[in-house]
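The structure follows.
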Amino acid sequence: MRHLAILFLLIPLFFAASCEEEVEPPVDFSADLAYFPLELNQPLYYAVDSLVVFNTVSGIVYDTASAEVRETLVEEFVAGDGTTVYRGERWQRSSPADPWVFLQTYTVSRSQTTAIREEDNLTFTKLVFPIDRGKSWDGNAAFDPTREFVVGGEFLNIYNGWQYRYDTTEAAVTLSTGVTLENTIVVEQAEVDNLIDRRIAFERYAPGIGLVERFIDARATQCRTCCSLDFMLCNDLSWDEKAEKGFLIRQTLLRTE
């Protein structure tokens, strides 16, 4: 009976403790989600400059090109798992006087934790939420990063060694196209630079717009053409001097309408 009496005395304490428990309000990620907006028929225009390395019988040749690209989300649908997916179209023209030429379709989707883009049969986790400087993730986890792609007639494992990380948050910037943005985040995607491989990549996003800048430098060498396998000499050369395959691409926002 004594134990029972003690138990009855403790019951009010249990109730008091349960009443004092604080229920945390749900986290509002709306400000973070704005960096990856999903709106139909809102075109974004970019300046795209590219360089491809060709290893020819007469030596290394750099082929450069510039174009204007337009990206627009044109429709939405519900996938089998219930996710709302948006299909986008990418068009290109060499100059304002030229007609637009269709390039490809892509899809994007967003949840409370991730922002996804799928193109060329590859799925990328572009952003993760919440956005915190220094946070890292495997943005290429959905495919084999050692997979090789043909670039300039050579095979190149473009995505090998990539590791995504928020490098800069809430930073103002003026892009090379003259566009000024008061608030941007930068996702460092790759920082590999050794004797034979260079993988430097990042993307910049702005709220209400999405992607505003993208850069990839993916080059490789075996130090044959430049240095006849003299790796000490090769180590002292710049990548412009020793690269035997690869490419560079920079995509920068021109305007939003």
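The values are calculated or read from the model by the stated rules, or taken from the named source; none is laboratory data. Everything quoted here is computed from the prediction, not taken from an experiment. Here Cβ is always computed from backbone atoms with ideal geometry, including for glycine, and neighbour counts include all displayed protein chains.
Going through region 226-253 one residue at a time, which ones are farther than 30 Å from PRO43 by Cα, surrounded by 13 or more Cβ atoms within 10 Å (Cβ to Cβ) and aliphatic (A, V, I, L, M)?
Hits for region 226-253 are LEU233, LEU237, ALA243.
Any residue in region 84-104 that is without any contact (Cβ under 8 Å) to a residue 60 or more places away in the chain and under 10 Å from VAL69 (Cβ atoms) sitting within a Cβ distance under 6 Å of a residue that is among the small types (Gly, Ala, Ser) and in a strand (DSSP E or B)? List the pairs, counting only those 6 or more apart or interchain.
GLN92/ALA67
Let me ask you something else. Please list, ordered by first then second residue, the pairs with beta carbon atoms under 6 Å, 6 or more apart or interchain, first in region 184-198 and under 22 Å from THR174 (Cβ atoms), second of a type in the set (S, T, N, Q).
Every condition considered, the pairs that remain are ILE185/THR169; VAL186/THR168.
For region 1-59, what are the residues that are in a helix (DSSP H, G or I), modelled with pLDDT under 85 and among the charged types (D, E, K, R)?
Selection gives ARG2, GLU20.
Check every one of the strands (runs of 3 or more DSSP E) wholly within region 153-194 and list those with 1 or more residues that are touching a Pro at 6+ places or on another chain (Cβ under 8 Å) and farther than 25 Å from ASP63 by Cβ. Steps first, please.
On the way: elements: 154-156, 164-174, 180-193.
Passing ranges, in order: 180-193.
Among (1) in a strand (DSSP E or B); (2) under 21 Å from the mean Cα position of the chain (by Cα); (3) among the acidic types (Asp, Glu), which single condition is GLU76 missing?
With (1) in a strand (DSSP E or B); (2) under 21 Å from the mean Cα position of the chain (by Cα); (3) among the acidic types (Asp, Glu) applied to GLU76, the lone miss is (2).
How many of the residues making up region 162-210 are on the phi > 0 side of the Ramachandran plot, exposed (fewer than 14 other Cβ atoms within 10 Å of the Cβ) and modelled with pLDDT of 95 or more? Step through it out loud before you land on a result.
Filtering region 162-210 down to residues on the phi > 0 side of the Ramachandran plot leaves 170, 178, 208, 210.
Still in the list and also exposed (fewer than 14 other Cβ atoms within 10 Å of the Cβ): 170, 178, 208.
If we keep only those that are modelled with pLDDT of 95 or more too, we end up with 178, 208.
Counting residues in region 162-210 that are on the phi > 0 side of the Ramachandran plot, exposed (fewer than 14 other Cβ atoms within 10 Å of the Cβ) and modelled with pLDDT of 95 or more gives 2.
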